[in-house]
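Okay, so here's the structure we're looking at.
The values are calculated or read from the model by the stated rules, or taken from the named source; none is laboratory data. Keep in mind it's a predicted model, so treat the numbers as computed, not measured. When we count neighbours, we look across all protein chains shown, and the Cβ atoms used for this are built from the backbone with ideal geometry, even at glycine.
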Amino acid sequence: MFTTRQKLHIRIRNFVDWIRTDSNKEDDICRQANEIRERVKNQASNDGLIILSTPWSGSFAKRTGLRRHLRGLNPVEGQDVDLSFVINPKDKDDKELSELLPRFEKYLIDSYPNTPRKPSKSSIKLDFVGTKIAYDIVPMLATTDSQRQIIIRGDGIHRETSVQKHIEFVKTRTKSSNEQIGRVSFNEMVRLFKWWREVQCGGNNDAYPTILIDLLSAYAYDRVGVCNTYTETLAQWFSFLADVVEQRTSIYFSDFSKSIQRPSEKFWSVIDPVNPENNIADYLGNAEIGVLVEWLSQARDDVLQAIAADDDDDESAAIDALVPVFGTPFLHNS
């Protein structure tokens, strides 16, 4: 017979399976992604651009994606898939490229005139409503290093990144967690934190983007690890991160380069592991950071309340305590 603690762990595990992406759709995604690649590459070639590679990127490649999201308080089906297009910095006439997003939006209009599109700071989202799959088309310039690229954002800012190293950053931690005893895996914890973020933001996640969730999760994993159950792991991560963010502790990683702590004029530093010059948190004001502290602290208290209900063998109260963390869908899908 399962103890209450095990029952609650199983409920969270079941909820993870409800929010995680559907592996049965991967073949269809790959086929459609290849079609998009070919159409866009043909448009770009006709426009004089030289596409060097089209690597998978983002949550699809990291295995941290969600199969559904929140619209207000209601869950809706829909998965996001990132497709990167790495382009020679000079076109066929040897002219340097200065902007990419407007060009790629035109390619998508010409290739998929009846498919809704939405530009962001560094991508164009192509939303295939019927399949409930949206593709974020991310154009970037190649560098002399095949594992580093330059993103030209809509505001003209050039930012160095690495599709391959960001994927490796997550997959290394997922592999490490999977080698430990128990079901709790790093990438599944990232999914839970992304869903928690959606609950707190009501589905409007712009202020606290996915890269921030990835790095907070990685920092918690590196310092705290994972426990045998999701409940205990969530309690440790929320508690640890509430203190980290409240104290404005600078977050650095040394996966790909030696971390050097630099003075910052910003309220808080969360440094991109593949580009030490990129502070992921540089746009956050003191008020936004304070909100994040409140959310983390409340989640810590809610999970601890669930654990206390565990100890009292009150399964119903334990489940109810997690509803503020994961929303009402947790009641019906765990």
Going through (1) of a type in the set (A, V, I, L, M, F, W, C); (2) closer than 26 Å to K171 by Cβ; (3) over 20 Å from the mean Cα position of the chain (by Cα); (4) not in a strand (DSSP E or B) one by one, L108 fails only at (2)
Taking region 300-326 and keeping residues under 19 Å from the mean Cα position of the chain (by Cα) and not aromatic (F, W, Y) leaves V325
**Asked** Being surrounded by fewer than 17 Cβ atoms within 10 Å (Cβ to Cβ) and either among the small types (G, A, S) or touching a strand residue (DSSP E or B) at 6+ places or on another chain (Cβ under 6 Å) (or both), is that true of even one residue in region 177-188?
**Response** yes
Result of the Cβ filter at 8 Å on region 316-331, keeping first residues that are assigned to a helix (DSSP H, G or I) and partners that are of a type in the set (S, T, Y), at least 6 apart or interchain, is A318/T4; I319/S334
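Which of the residues that make up region 269-308 are assigned to a loop (DSSP other than H, G, I, E, B) and among the small types (G, A, S)?
Matches in region 269-308: S269, A281, G285.
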Taking the conditions exactly as written (of a type in the set (D, E, K, R), under 24 Å from E188 (Cβ atoms) and not in a helix (DSSP H, G or I)), does D255 satisfy them or not? yes
Within region 1-52, residues in a helix (DSSP H, G or I), basic (K, R) and touching a residue at least 60 places away in the same chain (Cβ under 8 Å) come out as R5, K7, R11, R13, K25, R39
Of those in region 96-148 that are surrounded by 15 or more Cβ atoms within 10 Å (Cβ to Cβ) and small (G, A, S), the residue modelled with the lowest pLDDT is S122
(request) Could you tell me whether region 51-59 includes any residue that is touching a Phe, Trp or Tyr at 6+ places or on another chain (Cβ under 8 Å), closer than 16 Å to D136 by Cβ and not assigned by TED's automatic domain parsing to the domain that holds P209? (result) yes
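Among the residues of region 180-197, is any hydroxyl-bearing (S, T, Y) and under 23 Å from P55 (Cα atoms)?
No, region 180-197 contains no residue that is hydroxyl-bearing (S, T, Y) and under 23 Å from P55 (Cα atoms).
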